[in-house]
Structures are given as C-alpha cells and as structure tokens.
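Notes to accompany the following structure.
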Amino acid sequence: MKIIAMIPTYNEASNIETMTASVINCGADVDVLIVDDMSPDGTYKIVEEIAKTNSKVHLLLRKENRGRGYAGIDGFKKALEMGADFIVEMDGDGSHDPKYIPAFLKTIKSCDVVIGSRFVSGGKDEARGFLRHAISNLSRVYLSFVLGVKIKDSTSGYRMFKREVLASFVNNLKANDPFIVTEVIYWLKKNKFIIKEYPIEFLSRFSGQSKLRPLTLIKYLFKVLKLKIAG
C-alpha cells in the first residue's frame with residue numbers, strides 16, 4: 001500500500017522543511033510529493049536538498065502553466081503515476097496537521113474520500129478571524145444551494161482520495177487557481193462517490209502570510225455558478 005501526500009507550494013521556504021518532516025513522522029508510511037512553481041524564495045531548492053538524503057521526499061518542479069489549480073492537477077497525475085493507492089492533498093504552510101493522516105486512512109476504508117473538516121463535531125478553526133470564518137460559511141451555504149453539496153467544510157483543501165476515485169476524473173479538472181478545491185467536490189458529487197468528513201483543527205501558518213484575497217471569493221461565487229450551468 002502506497003500513500004503519497006501531494007503538497008503544492010509557492011514561496012514556502014520558511015515552512016517546507018518543518019512540514020515535510022511532520023508528514024514523514026505522522027505515524028503512517030507516507031511519501032511526500034512537493035509540487036513547486038519555481039518559487040522565487042527557493043522553496044524547491046530546499047526540497048531538492050532534503051530529497052538527496054531522504055528517498056521518501058520527491059519534487060515536481062513546474063516551469064510552465066503556473067497556478068495553484070494546475071499545480072494540483074499535475075500533482076495528482078504525478079502521484080498516480082508514482083503508484084499511489086491513496087493520495088493526500090494538503091497545504092504546505094503548516095495549517096494542515098499531518099497527524100490526522102493515520103485517522104484518514106482508517107476512515108477511508110468505509111468511503112471513497114475523506115475531507116478534513118473544521119466544522120463537524122470535534123473540528124476547530126481557531127487560527128482564523130471573523131472574516132475568514134464568514135467567508136467559509138458563505139461558501140458552504142452557496143455551494144450547497146447551487147450544487148446541492150451537503151458537506152460542512154466544502155472549502156477544505158485537506159483531503160484523502162482512493163486511487164480509483166481520483167483517476168476517474170483527474171483529466172476533467174481545469175481550474176488554474178484555488179477553485180480546484182471546489183471543482184473536485186463537483187466531480188465527486190457528480191460521480192456519486194461516498195464522502196466522509198473527519199474533524200481537524202485548522203492551525204496557523206508556521207510563518208509567512210496567507211495568499212487568500214477578497215477578490216478570490218468574488219471569483220469563486222461566479223465560478224461555482226458557471227460550473228453548475230456547464231454541468
């Protein structure tokens with residue numbers, strides 16, 4: 001059984017070494033695939049050095065078609081190519097604690113996808129302020145209304161997929177930005193896969209600043225509607 005944690009990165013030099021070590025020491029046998037978009041801060045150079053002495057660490061360096069969405073798509077495809085039976089998608093800033101991976105692995109035995117959820121019983125999101133909470137809640141309600149998705153944390157980017165599930169729709173993904181998180185949810189619902197949410201605590205970044213901007217929410221609302229119409 002092969003588990004690969006796929007982590008898209010951009011300017012995470014101050015976080016990536018700690019994050020990589022945390023995944024490797026999470027309590028499960030996990031390989032780490034860092035998907036980096038030629039970060040100006042040299043994130044990929046740090047990963048290259050780590051990979052020289054640790055065969056569990058791998059780097060996919062992207063020089064074209066940059067963006068969070070395309071990085072995720074290429075990362076998914078690379079993980080499948082590497083023979084992953086289970087693929088974990090997570091952020092590289094430390095907000096997604098790898099300690100939950102063993103629990104995800106147990107949970108996925110009775111479903112197709114596990115989503116790390118801040119909003120189910122036992123979940124926490126104490127690292128974010130009122131505005132970020134409001135955005136998450138608005139997104140959840142909107143997604144439920146437009147697409148009929150009944151998930152409490154539909155914007156969570158911390159997820160585990162079975163190989164055959166991800167392989168069934170990865171070639172349909174088109175988003176070049178963080179909207180890929182919702183695009184994946186759309187395909188999971190369309191194909192009637194079983195989704196379970198597992199409670200997690202969303203942590204503060206190890207360091208640095210969040211890349212989320214208010215304009216992202218506005219674009220998100222329109223893209224969800226466009227996805228519904230196209231589907």
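Observations on the model:
- DSSP beta bridges fully contained in the chain are about 25 percent antiparallel.
- Of ASN191, MET6, VAL23, farthest towards positive along the dipole that unit charges on Lys, Arg, Asp, Glu beta carbons give the chain: ASN191
- Per-selection Kirkwood Rh - the range 3-230 (Cα, Å, 1 d.p.): 17.6 Å
- Assuming charge only on the beta carbon of Lys and Arg (+1) and of Asp and Glu (-1), the dipole of the range 77-126 about its Cα centre is about 200 debye to the nearest 20.
- C-alpha long axis of helix 68-81 to longest principal axis of the chain, angle in °: 60 degrees
- Between helix 214-230 and the chain: long-axis angle, C-alpha atoms, 0 to 90°, nearest 10: 70 degrees
- Treating each Cα of the range 1-126 as an identical point scatterer and summing with the Debye formula, the log10 of I(q)/I(0) at q = 0.13 Å⁻¹ comes to -0.50.
- Links that overshoot a 21 Å alpha carbon limit, given the list LYS152/LYS189; LYS78/LYS162; LYS124/LYS162: LYS124/LYS162
- The C-alpha atoms of the chain define a longest principal axis, and helix 130-147 lies at about 60 degrees to it.
- This model, with +1 at the C-beta of Lys and Arg and -1 at the C-beta of Asp and Glu, gives the range 3-230 a dipole about its Cα centre of some 1020 debye.
- Annotation for the range 17-65 versus the range 76-123: alpha-carbon center distance of 17 Å.
- Relative contact order [Cα under 8 Å, 6+ residues apart], the range 3-230, whole percent: 25 percent
- Options ASN171, LEU80, TYR142, ranked by Cα towards positive dipole end of the chain, top entry (Cβ charges): TYR142
- Rounded to the nearest 500, the 222 nm mean residue ellipticity of the chain from helices alone is -12500 deg cm²/dmol, with -39,500 (n - 2.57) taken per DSSP H run of at least 4 residues.
- Farthest toward positive dipole pole in the range 3-230 [+1 Lys/Arg, -1 Asp/Glu at C-beta], among VAL32, GLY67, VAL120: VAL120
- Entries of LYS192/LYS228; LYS150/LYS190; LYS99/LYS190 with Cα pairs more than 22 Å apart: LYS99/LYS190
FYI, it's all coordinate maths here, none of it is from the lab. If you're wondering where the values come from, they're calculated on a predicted model, not measured in any experiment. All Cβ positions, glycine included, derive from the backbone under ideal geometry; neighbour counts span all protein chains shown.
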